[in-house]
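Take a look at the structure below.
The values are calculated or read from the model by the stated rules, or taken from the named source; none is laboratory data. Here the structure is a predicted model, which means the values were calculated and not measured. Cβ placement follows ideal geometry from the backbone for every residue including glycine, while neighbour counts extend to all protein chains displayed. Note: accessible area is taken over every heavy atom of the protein model, side chains too, but ligands, DNA and RNA are not part of it. Shrake-Rupley method; radii C 1.70, N 1.55, O 1.52, S 1.80 Å.
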Amino acid sequence: MNSFFSKVTLFLVAAVLVISSIGVSPASAATPFKDVPANDAQITYLYERNLISGISTTQFGPDYSVTREQAATMIGRSLKLNGTKRTTKFPDVSPSSYSSGYIQSAVEKGFISGYPDGSFRPKQPMTRGEMAHMISRAFNFTQTSAVFFKDIKVDNDPTSLYSATNKLATAGITAGTGGGYYTPDKTLIRQEFAMFLARALEPKFRVLFQNATIDKLYSTTDNLNVRSGPSTSYNILGKIHTNNEVQVYGYSGNWVYGKSGSLTGYFSLSYLAKATAQPSRVMVIDAGHGGSDPGAVANGLREKDVNLDVSLRVERMLKAKGINVLMVRRTDVFYSLDYRAAYGVKNGADAFVSIHANAASAGVSGSETFYSASVANDSKQLATFIQNRLYKAMEHTNRGVKEYDYRVIAANPLPAALVELGFLTNSGDAAKLATWTYKERAASAIAEGIEDYYEWKER
Ligand SMILES: [Zn+2]
């Protein structure tokens, strides 16, 4: 393709974008575009009102960038401004260009001011940041609220980028680009422009802006005030206590805007700190039996192998949750029950879970979890949190949480539970415990039950 033809093509794309199909109203609610969902309400809304058209008869071109003159023209048309081509205040906008009338009208309405050097740069792609300025002024969005974007510096300047994006978010025109970002320097694409414009014109399309949590801090004092604004002159909405968690939405000078429990407001940064006293979590996983002791053997499975396999999966999953794990055994080796029972205390752990598989007559099926009441601690809760997840994950009978003084838990000073995954002597249970899927499911249930336990314990 020669360069002359490229330029002509580009020009046509630009022209089609802003020249509507005059006098023809669409027969149905659907647009003719193949590259956007047929039921896209916002694009349909704009298309039906002749405020946008495609880059061809069947293509909307959602990922194409929007130039500054295209944006000015589309906003000008949607506000029914005077689009008569004429001389503008900008030397780089030709009076004969299709956009000149709308650009000059926008100058007169005060929503376009151009660059400090006096130019407008009509062919330059518009950024999301520039769009925030243009839309907030053009549609007179003036209200602000507690809006924070990770990538936009908070200030008190009514003409700043922060102020413009705050007004858009407060008005429900944007929810950001996800994860607490607005991405102001990104080139605006037609899909985004259509969303901005449709929401500006039609309140039913607007979205509820929600701040993202960007940090977690903890109160270092008791009765820390939560205020309605970022200074001590604002009302007190409530108080939080030492070590209460604050989900941080944004920072404003020496103040944090965020949420703690049911309270949302401003907290003085002087009384908040990063977590330093997070309780540690150190769990012992004991794969039952091993070495010369195979445990139950039935339906082609040896208990010691199943126990170790599931235990190693639990170890991996607990580590992924940030829980420290001590493994009594990681290979096919035998240890005595007393060695296992003493292992956790000796090595600084705070709880213990022994993993087993069961044996009985062939008709008996299901999972159960044991605790010992001989040591007064949280063993029953640990067993319950695990069992409540395990039998569902295994999709079999819930035989419940039971008290029994198995030595490995009864002689154990730590909160301790003994899990029976299922019955190797039952062909259905055994078939499940032979598969990757059910071993993974069982391990995941145990790891999540352990996490439930720590969350309950630390609450
Ligand atoms: Zn066993």
Going 7 Å from the Cα of Arg316 along its beta-carbon direction, which residues of segment 434-456 have the amide nitrogen within less than 17 Å of the resulting point? 434-448
With only helices counted (DSSP H, runs n ≥ 4, each -39500 (n - 2.57)), the per-residue ellipticity at 222 nm for the chain, to the nearest 500, works out to -10500 deg cm²/dmol
Any idea what the dipole of segment 63-152 comes to, in debye rounded to 20, about its Cα centre with Lys/Arg Cβ at +1 and Asp/Glu Cβ at -1? 240 debye
Average accessible surface area per residue within segment 203-252, 1.4 Å rolling probe, Å²: 57 Å²
Residues whose built amide H sits under 5 Å from the amide H of Ala287, excluding neighbours closer than 5 in sequence, are Val328, Arg329, Ile355
Would you mind checking which residues have amide H under 5 Å from Leu421's amide H? H placed 1.01 Å from N; only 5 or more apart, or other chain. His356, Ala357, Asn358
Can you pull the accessible area of His241 for me, 1.4 Å probe, Å² to the nearest 10? 80 Å²
Hey, rough spin-label estimate for Asn39 and Glu440, points 7 angstrom out along Cα→Cβ, what's it come to in nanometres? 3.3 nm
Can you tell me what share of the DSSP beta bridges in the chain is antiparallel? A percent to the nearest 5 is fine. 65 percent
Take Asp185 and Asp92, extend 7 Å from each Cα along the Cα→Cβ direction, and tell me the distance between the two endpoints in nm. 1.9 nm
List the residues, sorted by chain then number, that are 5 or more residues from Lys186 or on another chain and whose placed amide H is less than 5 Å from its amide H. Arg128, Gly129
Shape verdict for segment 3-205, please, from the Cα gyration tensor: rounded (a/c under 1.5), prolate (a/b greater than b/c) or oblate. oblate
Determine the dipole magnitude for segment 313-459: charges of +1 sit on the beta-carbon of Lys and Arg, -1 on that of Asp and Glu, nothing else is charged, the reference point is the Cα centre, and the result goes in debye to the nearest 20. 260 debye
Please report the spacing between the Cα centers of segment 345-387 and segment 412-436 in Å, no decimals. 10 Å
Need the full-extension length gain, Arg330 to Lys85, defined as separation in residues times 0.36 nm minus the C-alpha distance. One decimal, nm. 80.3 nm
What number comes out for accessible area per residue over segment 282-458 if the probe is 1.4 Å? Units Å², please. 40 Å²
Within segment 388-459, chymotrypsin sites (Phe, Trp or Tyr not before Pro) in DSSP loop having at most 15 other beta-carbon neighbours inside 10 Å: Tyr404
Between segment 152-173 and segment 244-299, how far is it from one alpha carbon centroid to the other, in angstrom? 33 Å
Considering only protein heavy atoms and a probe of 1.4 Å, how much of the accessible area of segment 3-205 is carbon and sulfur, as a whole percent? 57 percent
For the residue pair Asn388 and Asn156, what label-to-label distance in nm results when each label sits 7 Å from Cα along the Cα-to-beta-carbon direction? 4.9 nm
Ordered by number, the trypsin sites (Lys or Arg not before Pro) in segment 150-219 that occupy a DSSP loop and have at most 10 other Cβ atoms within 10 Å are Lys153
Over segment 312-459, what percent of the accessible surface lies on carbon and sulfur atoms, probe 1.4 Å? 51 percent
Compute the length gained on full extension between Arg121 and Tyr404: take 0.36 nm times their separation in residues and subtract their Cα-Cα distance, giving the result in nm to one decimal. 93.9 nm
Quick one: pull the percent of accessible area on segment 215-273 belonging to carbon and sulfur, 1.4 Å probe, ligands and nucleic acids left out. 44 percent
